[in-house]
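Input: a single structure, listed below in structure tokens.
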Amino acid sequence: MQSNVKQSPSLFKSALSRIVSDKLSLIALIVVGIYFFVAFLVSIGVLAADWGKEVAASYAEPSSLVWFGADIFGRSVFVKVIKATETAVMLGIVVSMISMFIGAGLGMLAGFFGGLVDEIIVWFYTTVSSIPGIMLLVAIAFILGKGTTSVFLSLGLTSWVGLCRIIRAEVMKHKDREYVQAANALGASNSRKLLKHILPNVSHLLIINFTQTFDSAIKAEVILSFLGLSVVGRPSWGGMIDDAKLELGRGVWWQLGAATMAMFFIVLAFNVLGDALRDALDPKLKGK
Amino acid sequence: MKMRNIFLLVISSIMLVSGCAKKRDANERVLNLVSPAEIKGFDPIQADDLYSGREISKIYEGLLQYHWLKIPYELIPNLAEAMPEVSKDGLTYTFKILKGVKFQDDAAFPGGKGREIEASDFVYSVKRLADAKTVSTGWWVLDGKIKGLNEWRDRNAKLPTTNYDEDVVGLKAVDKYTLQFTLAKINPQFIYSLAMPFTYVVAKEVVAKYGKEFINHPVGTGPYSLPSFDQSKQITYTKNPTFREKFYPKEASPQLQHLLGDAGKKLPLVDKIVVHIIKEDQPRWLKFNKGEVDITGIPKDNFATAIKDNKLSEELVKKGIVLEITPGLDVTYTAFNMENKLFHNKKLRQAMYAAFDNKKDNALFYNNTAFPAQSVIPPGVSGNDPKYINPFKGPNLDLAKKLLAEAGYPGGVGLPELKYDIPDSTTSRQGGEFFQKQMDQIGVKIKIVTSPWPEFQAKVKKKAVEIYGLAWMADYPDAENFLQLFYGPNKSPGANGSNYDNPEFNKQFEDAVSMQDSPARTAKYEKLNKFLAEEVVSLFGLHRQSYTLEQGWLKNYHNSDFSHDYVQYLNIDNAKKAELLKNF
């Protein structure tokens, strides 16, 4: 059957066009894109594969040979920053995914089923959120032992509560809407209603939350490094800042400078992008 | 009106309180120290690390101690009246215990008043060290030395509760003030163990009252007391009010004559000690530079600014700070846990040693102030041959690669990733990364595992490590103290954290340590030292020098390798402190 009704563009398509049309958001998107691309190149070994190589004297100052100077072992700080981008991006993605999976999963169950399920989940996240974040993080890192995996897991396991609350509230709102009732009338199963009907309608929240979790994960890694619980054996921005707290005593500022700069741009870009995404994806703000 | 009165009352009481506090501060002599690692607790039989040993020695005491102002080190009586009478056959040591020495007041004693120490307390304390159920980390110092003690230990290990009333032939309280040790065989090092924290005297009642919590309730006979220990970042000790009459020494070796200013004064000299637990170098350094800490080492990253041409920088001199450089009787080493069969492969160990660049390690982490270690015994202790060069000591990458291939892992192929355990400070992590980098050159892959100091030690004791980095500081000036690190019966939880057990080495070691100090014994020590070097039982790193900075108001301090109880001799010149602090 043919129709002459013009189809409106999808939410995501229109959001993308809104971001592209805004200069600041576009720059943020490009910056994030560059970081992801660099991380990708590092992970396939095209960039910074030889980060461990000695290229200058120990603590050599920034020069045309070593742009951001050298670290204690004479390794290029610039190359280390590049290599650490992979760690940071990977950390951001994995942590956000874990947090999204747990937060959205539990939030949807609580909001949709209500009753006892809701009570248990609310009790659980209230308990988790009542433990000071940093303590919980340290405790999990201790239990899991040190290393990259445990940093990923401990950050992921401590950052899902906010999303869970939002999704729960949103699902509660949606489950009584007409389209869900229609699905109900057609005999759709609970999982179909949740995954096929409700989830797409709350997915914009997941995307916004992703950008927020991403940059808080990068910042949390720095704190963990200061507590001696972070990634060891491969460069990370947190590790470089941890090194710098000793090196500043001898006037070596370049590791701190380089790592902070690298962090600053991606965290800022994610913040701007998160803001833009919220404006673009929130149906309530549509058309404004 | 009423409100105004209340307000005035509050203000005046604040002023009164702060005024009182200030007045007290001005007269009180407070010593501020730092510990770069957490303290495990206050149980003498677990005092196997320097940091815990130092804290325990503020509260507990032993039969003997080292003379504070004598170099070479000299053992003198502490809780004993005099040095022991030794029988002609060299096997029986008889001590007279000081009369009237009391344990600190504690609720464990009747009426809360500490009772007098007796010879039987020493018998109990030694048995406690030997008790297999206490899992002491210091049993190795007496293992096999006292007649009948090993048998007592083995017998009681099988019983549900240890029978402390059962007599041990070689360990007797002859009367209230006479204590007698009979050795299983001649052992010249035995006497040193009586000045070590492991054998400090504890009271049976206190151990019984606090049980597992005894480790946090120290009650000794020493100059300072601490009601309870709670793993905080600051430990505050106060003078033990019932401390006996003990006086500052009146004699000193020629080089320490300048420390006789307080000769004859009653000990301890300062009223309060505050120990700040600061793991990281920079906060420690900054605190010292603000005048809030009285003694410190120099962090590697501040060395260049603090020391110029082996002299203190002008800025620090202006603050009245004093530098003391002393070679330490120690060795840094990277140990293999030999329970892991992989490390039985001698060529692998040798290859790793040859790959490690010790000179660079010295430059990066010790500002080139340390001396390369060829084996375990440091210079200044007989058994160290200054001419000896270890043929496997790196950096020699060609040799390393060749040896690795001979070990069966050409280019590291087939060798699993090895775990390298270190404490969790930033410097240790950098050290770990350096080791990882060095090993990577020959294809040996290393994974760094960091843990807080007490947890790290616990892992070594439980044999839950593969490779780990550590330093050993002498407990007494005898090579036996270094060689025993590889003596089979001293395996973890003993001092032999490598769990190396070579019957031939064990036999030769036993022969050597039963000899009196003589050229023949030195020759044996040298032979054993070279054997360990070429076996590459550990990757021996450096013998460090200690660069210590002291505030100008601190009196009587000098670096001592063995006097863990040094704080009782230290003094603070409050007037000078007020004066010098103006320059900070």
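Put simply, of B:Ala184, B:Ala195 the only residue that is over 19 Å from B:Thr134 (Cα atoms), under 24 Å from the mean Cα position of the chain (by Cα) and either surrounded by fewer than 17 Cβ atoms within 10 Å (Cβ to Cβ) or not acidic (Asp, Glu) (or both) is B:Ala195.
In the range A:248-261, what residues are part of a helix (DSSP H, G or I) and surrounded by fewer than 22 Cβ atoms within 10 Å (Cβ to Cβ)? Show your work before the answer.
First, the residues of the range A:248-261 that are part of a helix (DSSP H, G or I): A:248-250, A:254-261.
Scanning the range A:248-261 gives A:Leu248, A:Gly249, A:Arg250, A:Leu256, A:Gly257, A:Thr260, A:Met261.
Close contacts from the range A:102-122, counting a first residue that is over 20 Å from A:Leu155 (Cα atoms) and a second that is part of a helix (DSSP H, G or I) and basic (Lys, Arg), with Cβ to Cβ under 6 Å and a gap of 6+ residues or different chains, come to A:Ala110/A:Arg168; A:Gly111/A:Arg168.
Would the range B:496-509 turn up any residue that is assigned to a loop (DSSP other than H, G, I, E, B), open to solvent by less than 50 Å² (accessible area, probe 1.4 Å) and without any contact (Cβ under 8 Å) to a residue 60 or more places away in the chain?
Step one: filter the range B:496-509 for residues assigned to a loop (DSSP other than H, G, I, E, B), giving B:497-502.
Restricting the remaining residues to those that are open to solvent by less than 50 Å² (accessible area, probe 1.4 Å) gives B:497-500, B:502.
From the residues that got through so far, the ones that are without any contact (Cβ under 8 Å) to a residue 60 or more places away in the chain too are B:502.
Yes, there is a match, as at least one residue in the range B:496-509 is assigned to a loop (DSSP other than H, G, I, E, B), open to solvent by less than 50 Å² (accessible area, probe 1.4 Å) and without any contact (Cβ under 8 Å) to a residue 60 or more places away in the chain.
As a summary of the residue check, B:Gln257 satisfies the conditions (1) touching a strand residue (DSSP E or B) at 6+ places or on another chain (Cβ under 7 Å); (2) without any contact (Cβ under 8 Å) to a residue 12 or more places away in the chain except for the one numbered (1). In the set (1) over 18 Å from A:Leu281 (Cα atoms); (2) of a type in the set (Asp, Glu); (3) touching a helix residue (DSSP H, G or I) at 6+ places or on another chain (Cβ under 9 Å), A:Glu170 fails one condition alone, (1).
Kindly check whether there is at least one residue in the range B:514-523 that is farther than 21 Å from B:Pro386 by Cα, hydroxyl-bearing (Ser, Thr, Tyr), open to solvent by less than 10 Å² (accessible area, probe 1.4 Å) and not in a helix (DSSP H, G or I). Let's see the steps before the verdict.
Taking the range B:514-523 and keeping what is farther than 21 Å from B:Pro386 by Cα, we get B:514-516.
Retained after the next criterion (residues that are hydroxyl-bearing (Ser, Thr, Tyr)): B:514.
Keeping just the survivors that are open to solvent by less than 10 Å² (accessible area, probe 1.4 Å) gives none.
No, that holds for no residue.
Please work out if B:Asn368 is free of Cβ contacts under 8 Å to residues at least 40 places away in the same chain, within 14 Å of another protein chain (Cβ to nearest Cβ) and not in a helix (DSSP H, G or I). Answer is yes for this residue.
Quick grid of which residues meet (1) open to solvent by 30 Å² or more (accessible area, probe 1.4 Å); (2) of a type outside the set (D, E, K, R):
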position	(1), (2)
B:Lys387	yes, no
B:Pro391	yes, yes
B:Pro395	yes, yes
B:Lys402	yes, no
B:Ala407	no, yes
B:Gly411	yes, yes
B:Leu418	no, yes
B:Thr426	no, yes
B:Gln430	no, yes
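Please find, among B:Ala351, B:Ala363, B:Ala335, the residue that is modelled with pLDDT of 95 or more and assigned to a helix (DSSP H, G or I). Outline the logic, then answer.
Details: B:Ala363 fails: modelled with pLDDT of 95 or more; B:Ala335 fails: assigned to a helix (DSSP H, G or I).
Result: B:Ala351 is the single residue among B:Ala351, B:Ala363, B:Ala335 that is modelled with pLDDT of 95 or more and assigned to a helix (DSSP H, G or I).
Filtering the range B:298-315 to residues that are open to solvent by 40 Å² or more (accessible area, probe 1.4 Å) and within 14 Å of another protein chain (Cβ to nearest Cβ) leaves B:Ala304, B:Thr305, B:Lys308, B:Glu315. In summary, B:Ala355 fulfils each of the numbered conditions (1) buried (at least 21 other Cβ atoms within 10 Å of the Cβ); (2) within 14 Å of chain A (Cβ to nearest Cβ); (3) within 23 Å of A:Ser58 (Cβ to Cβ) with the single exception of condition (2). Take the conditions (1) out of contact with any Leu (no Cβ under 6 Å at 6 or more places or on another chain); (2) at pLDDT below 90; (3) open to solvent by less than 60 Å² (accessible area, probe 1.4 Å); (4) not in a loop (DSSP other than H, G, I, E, B); A:Gly52 misses just one of them, which is (4). Candidates in the range B:144-164 are the residues that are closer than 20 Å to B:Gly90 by Cα and of a type in the set (D, E, K, R); of these, the one that is modelled with the highest pLDDT is B:Lys147.
Go through the range B:432-446 residue by residue and tally those that are more than 8 Å from chain A (Cβ to nearest Cβ), surrounded by 21 or more Cβ atoms within 10 Å (Cβ to Cβ) and either charged (D, E, K, R) or in contact with a Pro (Cβ under 9 Å, 6 or more places away or on another chain) (or both). Residues in the range B:432-446 being more than 8 Å from chain A (Cβ to nearest Cβ), surrounded by 21 or more Cβ atoms within 10 Å (Cβ to Cβ) and either charged (D, E, K, R) or in contact with a Pro (Cβ under 9 Å, 6 or more places away or on another chain) (or both): 1 in total. For B:Leu329, state whether it is aliphatic (A, V, I, L, M) and within 30 Å of B:Thr426 (Cβ to Cβ). Yes; evaluated as a whole, the condition is true for this residue. On the given criteria, is B:Val449 surrounded by 17 or more Cβ atoms within 10 Å (Cβ to Cβ), within 14 Å of chain A (Cβ to nearest Cβ) and at pLDDT 90 or above? In short, no. I'd like the residue in the range B:70-105 that is modelled with pLDDT under 95 and under 26 Å from the mean Cα position of the chain (by Cα) and, out of all such residues, is surrounded by the most Cβ atoms within 10 Å (Cβ to Cβ). Filtering the range B:70-105 for residues that are modelled with pLDDT under 95 and under 26 Å from the mean Cα position of the chain (by Cα), the one surrounded by the most Cβ atoms within 10 Å (Cβ to Cβ) comes out as B:Leu75.
Residue-level check: of (1) open to solvent by 40 Å² or more (accessible area, probe 1.4 Å); (2) within 18 Å of B:Glu535 (Cα to Cα); (3) touching a residue at least 40 places away in the same chain (Cβ under 8 Å), B:Pro477 misses just (2).
Can you say whether A:Leu256 is over 27 Å from A:Ala141 (Cα atoms) and away from chain B (no Cβ under 11 Å), as far as the supplied structure shows?
Working: over 27 Å from A:Ala141 (Cα atoms): no; away from chain B (no Cβ under 11 Å): yes.
In short, no.
Among the candidates B:Phe343, B:Phe336, which residue alone is under 24 Å from the mean Cα position of the chain (by Cα), open to solvent by less than 40 Å² (accessible area, probe 1.4 Å) and farther than 23 Å from A:Ser58 by Cα?
Numbers: B:Phe343 fails: under 24 Å from the mean Cα position of the chain (by Cα).
Residue meeting the stated conditions: B:Phe336.
Out of curiosity, is A:Leu227 away from chain B (no Cβ under 14 Å) and out of contact with any Leu (no Cβ under 6 Å at 6 or more places or on another chain)?
No, not satisfied.
Can B:Ser136 be described as in a loop (DSSP other than H, G, I, E, B), within 20 Å of B:Asn163 (Cβ to Cβ) and open to solvent by less than 20 Å² (accessible area, probe 1.4 Å)? The answer is yes for B:Ser136. Applying the criterion of being in contact (Cβ under 8 Å) with a residue 40 or more places away in the chain and open to solvent by 50 Å² or more (accessible area, probe 1.4 Å) to the residues of the range A:143-159, the residue that is farthest from the other protein chains (Cβ to nearest Cβ) is A:Leu157. Screening the candidates B:Gly170, B:Gly90 for the property of being touching a helix residue (DSSP H, G or I) at 6+ places or on another chain (Cβ under 7 Å) and within 24 Å of B:Gln484 (Cβ to Cβ) yields one hit, B:Gly170.
B:Phe288 falls short on exactly one of the conditions (1) within 14 Å of chain A (Cβ to nearest Cβ); (2) open to solvent by 60 Å² or more (accessible area, probe 1.4 Å); (3) at pLDDT 95 or above, and that condition is (2). Within the range A:241-259, restricting attention to residues that are over 24 Å from B:Trp453 (Cβ atoms) and in contact (Cβ under 8 Å) with a residue 12 or more places away in the chain, the residue that is nearest to the chain's Cα centre (by Cα) is A:Ala259.
Looking across A:Val222, A:Val180, A:Val171, A:Val202, one residue alone is within 14 Å of another protein chain (Cβ to nearest Cβ) and either part of a helix (DSSP H, G or I) or touching a residue at least 24 places away in the same chain (Cβ under 8 Å) (or both). It is A:Val222.
The values are calculated or read from the model by the stated rules, or taken from the named source; none is laboratory data. Nothing here was measured: the structure is a model prediction, and the numbers come from that model. Don't worry about glycine lacking a Cβ; one is built from the backbone with ideal geometry, like all the others, and counts go over all protein chains shown. Accessible surface areas use protein heavy atoms only, side chains included; no ligands, DNA or RNA. Shrake-Rupley method; radii C 1.70, N 1.55, O 1.52, S 1.80 Å.
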